1. I'd like to know which of Gly94, Asn49, Thr9 lies farthest towards the positive end of the charge dipole of the chain, counting +1 on Cβ of Lys and Arg and -1 on Cβ of Asp and Glu.
2. Tell me, what HN-Hα J-couplings in whole Hz come from the Karplus equation 6.51 cos²θ - 1.76 cosθ + 1.60 at θ = phi - 60° for each residue of the range 22-36, using x for Gly and Pro?
3. What share of all Cα pairs of the range 14-100, in percent, falls into each consecutive 10 Å distance bin?
4. Which whole-Hz ³J(HN,Hα) couplings does the range 83-99 yield from phi under the Karplus relation 6.51 cos²θ - 1.76 cosθ + 1.60, θ = phi - 60°, glycine and proline marked x?
5. Relative to the first principal axis of the alpha-carbon coordinates of the chain, what is the inclination of helix 57-69, with its axis defined by its Cα atoms, in degrees from 0 to 90 and to the nearest 10?
6. What are the semi-axes of the equivalent ellipsoid for the chain, taken as the square roots of 5 times the Cα gyration tensor eigenvalues, largest first, in whole Å?
7. Among the lysines, which have Cα under 27 Å from the Cα of Lys138 when same-chain residues fewer than 8 positions away are ignored?
8. Using alpha carbons only, how many angstrom separate the centre of the range 61-139 from the centre of the range 17-36?
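Bear in mind these aren't lab numbers, they're just calculated from the coordinates by the rules spelled out. Since we're looking at a predicted model, the values are computed, not measured. So basically every Cβ, Gly included, is an ideal-geometry build from the backbone, and we count neighbours across all protein chains shown.
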Amino acid sequence: MTESLTPQTRDLVIRDVFAGSLTPRPLTTTEFNRHVQRVLAPGGIYVVNSGDAPDLKNAREDAATIAGSFKHTVIIADPAMLKGRRYGNMIMAGSDIPFDDDPGLARRLLGGAVPAHIWNDAKVRAFAAGAPVRHDPKTVDPASSVAP
């Protein structure tokens with residue numbers, strides 16, 4: 001879908017797609033993120049709903065891939081999810097401009113109906129450290145595998 005959009009025409013792109021409990025892998029790769037970056041206007045934001053189990057493997061890989069594609073990142077989730085105590089979702093975002101470090105936002109998130117924490121770019125990158133960055137599978141050119 002993103003391939004058909006005009007470059008630099010979107011202020012916001014949201015990925016909120018699931019097949020079962022996870023997002024289809026082709027929508028979670030560096031290559032997909034490049035398509036998103038192409039359509040985002042300067043200062044645009046890419047927002048991701050990342051579902052995961054308590055091991056947080058998927059969330060760490062999502063965070064690593066987004067952090068590898070965008071200069072600035074943020075995660076918002078409830079404390080139990082961030083600590084790997086339950087199944088759930090994290091909201092992640094990436095942008096070419098910094099996210100505001102407004103302490104009022106952190107207070108508002110904690111005071112909501114479902115209290116949440118916000119992690120700044122440094123915390124996101126620490127959370128993602130060591131997780132693999134996702135890529136599209138390598139394709140083999142059928143012509144190159146034909147014996148002479």
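1. Asn49
2. Computed from phi, the couplings for the range 22-36 are 10, 6, x, 3, x, 8, 10, 9, 4, 5, 5, 4, 4, 4, 4 Hz.
3. 18, 52, 26, 3
4. Rounded to whole hertz, the list is 8, x, 9, 7, 6, x, 10, 10, 9, 10, 9, x, 7, 8, 10, x, 7.
5. Helix 57-69 sits at roughly 80 degrees to that axis.
6. 30, 19, 13
7. The reachable lysines, counting only those whose Cα sits under 27 Å from Lys138, are Lys57, Lys71.
8. Their Cα centres are 16 Å away from one another.
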